[in-house]
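Okay, so here's the structure we're looking at.
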Number of protein chains: 2
Amino acid sequence: MRDTERRLAEIPGLVRYENVPRDELMRRVAAATRETYSREEVYGRFCTLETHIDCPPEDVFTYLADVYSHEEFTYSVREVEPVADRPGLFTGWDTVGEDTRIYMRVDARPEALTVDYHSAWDQGDDLWMVYLFRIVPAEVVLKRPGSVLLWTNCHHPYYAENPYPELAPPSRTLWVGDLWSQFAPGHQVELDNLRAILEHRHRNGIPIVAGRTEAAAR
Amino acid sequence: MRDTERRLAEIPGLVRYENVPRDELMRRVAAATRETYSREEVYGRFCTLETHIDCPPEDVFTYLADVYSHEEFTYSVREVEPVADRPGLFTGWDTVGEDTRIYMRVDARPEALTVDYHSAWDQGDDLWMVYLFRIVPAEVVLKRPGSVLLWTNCHHPYYAENPYPELAPPSRTLWVGDLWSQFAPGHQVELDNLRAILEHRHRNGIPIVAGRTEAAAR
């Protein structure tokens with residue numbers, strides 16, 4: 001441990017057993033434990049939702065990895081179709097924006113059960129709105145069947161200002177970033193949809209991806 | 001879309017554009033947007049911390065994937081060493097518990113930049129305390145260099161009650177789960193340590209894993 005101490009000595013501000021006694025650490029942490037948090041503190045820079053879903057991890061992954069599932073669990077993304085000559089890129093309508101095209105690409109990693117949606121309004125070249133999903137076997141982390149789903153969005157600077165205003169439909173008065181402060185309850189609506197659909201299909205033995213699949217649509 | 005509607009009609013409670021008008025959805029979400037949240041609401045079932053670290057994603061991954069990094073960024077885990085005849089299993093002392101052995105296994109997936117610590121106090125056969133880390137290139141989600149680190153713990157039922165009380169050292173009065181309500185500020189201390197170490201080494205061109213490595217220790 002001597003080597004470790006020497007290496008770390010030059011880094012200011014570390015809080016470790018060697019320099020902050022246990023009782024002092026306990027006091028500090030207890031003092032920092034709050035009864036309430038402001039929305040800005042919890043959801044200002046990042047918006048993470050977590051839930052348990054009574055559906056096996058592989059099925060939750062399969063469902064999220066299928067781009068057409070958007071048409072089911074989202075409130076507003078519809079008529080998803082591949083973009084010609086752009087492998088992996090899809091487009092649809094986002095009915096939250098007026099006359100708004102949404103573009104998206106799914107980056108799904110089965111070995112780690114991560115599924116990321118890279119998307120944007122109005123154009124498909126700079127997919128800056130990123131929905132980070134991670135599925136964890138609930139048996140491992142909660143000792144119960146099913147899945148834990150983690151869903152994080154990060155406050156990309158484009159939420160504050162549309163980087164391509166010239167591409168916005170003239171009729172549209174809303175920018176997606178205007179809704180950032182409402183992402184937690186807004187995404188909760190879609191997370192509730194997702195859970196309801198997956199639990200219904202798992203409980204009743206209905207194929208998880210019930211409609212057309214990416215493969216079928218190609 | 002007709003097929004989709006038919007498939008979803010039998011699932012009660014879905015909130016979709018087709019059954020909840022846009023203005024009504026906007027009203028509901030605005031009404032559900034809160035100024036404050038209780039600790040139980042935010043950290044009761046899951047404890048997620050997020051931060052930006054000014055250090056490349058691959059380096060953050062390498063650091064977290066090295067089990068000996070525990071000895072640096074954690075407040076209390078020290079003297080980590082491999083357990084004989086148990087490949088991948090390590091043990092150390094957790095100085096937050098009195099005379100407490102901690103056991104751990106690292107599950108690191110470079111292709112998805114996830115690093116999970118599966119650990120437990122007192123025994124190494126049932127590693128139920130799981131620290132879920134995910135590293136995301138900040139360029140992708142925040143349009144800036146460095147990494148976003150997501151860190152989630154889930155409220156496993158063993159936090160509420162020690163499943164193996166007979167293995168606890170007689171001198172110990174604390175159970176790790178007694179601290180669950182303080183995990184957010186407690187983990188924040190270690191996240192601040194982690195960020196300070198990684199940013200210091202990245203800024204100064206110091207090797208990210210400065211001490212012995214897993215490979216060297218074998």
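Could you please find all residues in segment A:138-153 being more than 10 Å from every other protein chain (Cβ to nearest Cβ), touching a residue at least 12 places away in the same chain (Cβ under 8 Å) and open to solvent by 10 Å² or more (accessible area, probe 1.4 Å)? If the condition is that a residue be more than 10 Å from every other protein chain (Cβ to nearest Cβ), touching a residue at least 12 places away in the same chain (Cβ under 8 Å) and open to solvent by 10 Å² or more (accessible area, probe 1.4 Å), then A:Pro145, A:Gly146 are the ones that fit.
Annotation note: Cβ proximity below 7 Å between a residue of segment B:154-169 that is closer than 14 Å to B:Gly44 by Cβ and a residue that is open to solvent by 30 Å² or more (accessible area, probe 1.4 Å) and part of a loop (DSSP other than H, G, I, E, B) (sequence gap 6+ or interchain) occurs for B:His155/B:Arg45; B:His156/A:Lys143; B:Pro157/A:Lys143. Within 11 Å of another protein chain (Cβ to nearest Cβ) and closer than 21 Å to B:Tyr43 by Cα: is that true of B:Arg203 in this structure? For B:Arg203, the condition - within 11 Å of another protein chain (Cβ to nearest Cβ) and closer than 21 Å to B:Tyr43 by Cα - is not met.
Listed conditions (1) in a loop (DSSP other than H, G, I, E, B); (2) among the charged types (D, E, K, R); (3) under 26 Å from A:Trp151 (Cα atoms) are all met by B:Arg86, apart from (3).
For A:Ala168, the requirement of being over 16 Å from the mean Cα position of the chain (by Cα) and either away from chain B (no Cβ under 11 Å) or at positive phi (or both) is met. In the set (1) under 28 Å from the mean Cα position of the chain (by Cα); (2) in a loop (DSSP other than H, G, I, E, B); (3) at the interface with chain B (Cβ under 9 Å from one of its Cβ atoms); (4) buried (at least 17 other Cβ atoms within 10 Å of the Cβ), A:Arg16 fails one condition alone, (1).
Selection of segment A:170-186 for residues being part of a loop (DSSP other than H, G, I, E, B), without any contact (Cβ under 8 Å) to a residue 60 or more places away in the chain and either open to solvent by 30 Å² or more (accessible area, probe 1.4 Å) or β-branched (Val, Ile, Thr) (or both) yields only A:Pro170.
Taking segment B:41-61 as the range and being open to solvent by 70 Å² or more (accessible area, probe 1.4 Å) and more than 9 Å from chain A (Cβ to nearest Cβ) as the test, the residues that pass are B:Asp54, B:Glu58. Has segment B:181-189 got at least one residue that is of a type in the set (A, V, I, L, M), over 30 Å from A:Thr152 (Cα atoms) and modelled with pLDDT of 95 or more? Looking through segment B:181-189, none of the residues is of a type in the set (A, V, I, L, M), over 30 Å from A:Thr152 (Cα atoms) and modelled with pLDDT of 95 or more. Within segment B:99-115, the set of residues being open to solvent by 10 Å² or more (accessible area, probe 1.4 Å), in a strand (DSSP E or B) and within 12 Å of another protein chain (Cβ to nearest Cβ) comprises B:Arg105, B:Asp107, B:Ala108, B:Arg109.
Out of B:Glu5, B:Glu35, one residue alone is in contact with a strand residue (DSSP E or B) (Cβ under 9 Å, 6 or more places away or on another chain) and of a type in the set (D, E, K, R). It is B:Glu35.
Say whether the condition of being of a type outside the set (A, V, I, L, M, F, W, C), more than 9 Å from chain A (Cβ to nearest Cβ) and buried (at least 18 other Cβ atoms within 10 Å of the Cβ) is met by at least one residue in segment B:76-85.
No: zero hits.
Here segment B:19-37 is the region considered, the condition is being open to solvent by 90 Å² or more (accessible area, probe 1.4 Å) and more than 7 Å from every other protein chain (Cβ to nearest Cβ), and the residue that is nearest to A:Val189 (Cα to Cα) is B:Arg28.
Inspect segment B:119-129 for any residue being part of a strand (DSSP E or B) and within 11 Å of chain A (Cβ to nearest Cβ) and give the result as yes or no. Within segment B:119-129, one or more residues are part of a strand (DSSP E or B) and within 11 Å of chain A (Cβ to nearest Cβ). For segment B:134-152, the tally of residues that are out of contact with any strand residue (DSSP E or B) (no Cβ under 6 Å at 6 or more places or on another chain) and either part of a strand (DSSP E or B) or on the phi > 0 side of the Ramachandran plot (or both) stands at 2. Taken residue by residue, segment A:128-142 has no member that is of a type in the set (D, E, K, R) and farther than 21 Å from A:Pro110 by Cβ.
The values are calculated or read from the model by the stated rules, or taken from the named source; none is laboratory data. In this text, all values refer to a predicted model and were calculated from it rather than measured experimentally. Note that each Cβ is placed from the backbone with ideal geometry, even for glycine, and that neighbours are counted across all protein chains shown. SASA here: full protein model, heavy atoms, side chains in, ligands and nucleic acids out. Shrake-Rupley method; radii C 1.70, N 1.55, O 1.52, S 1.80 Å.
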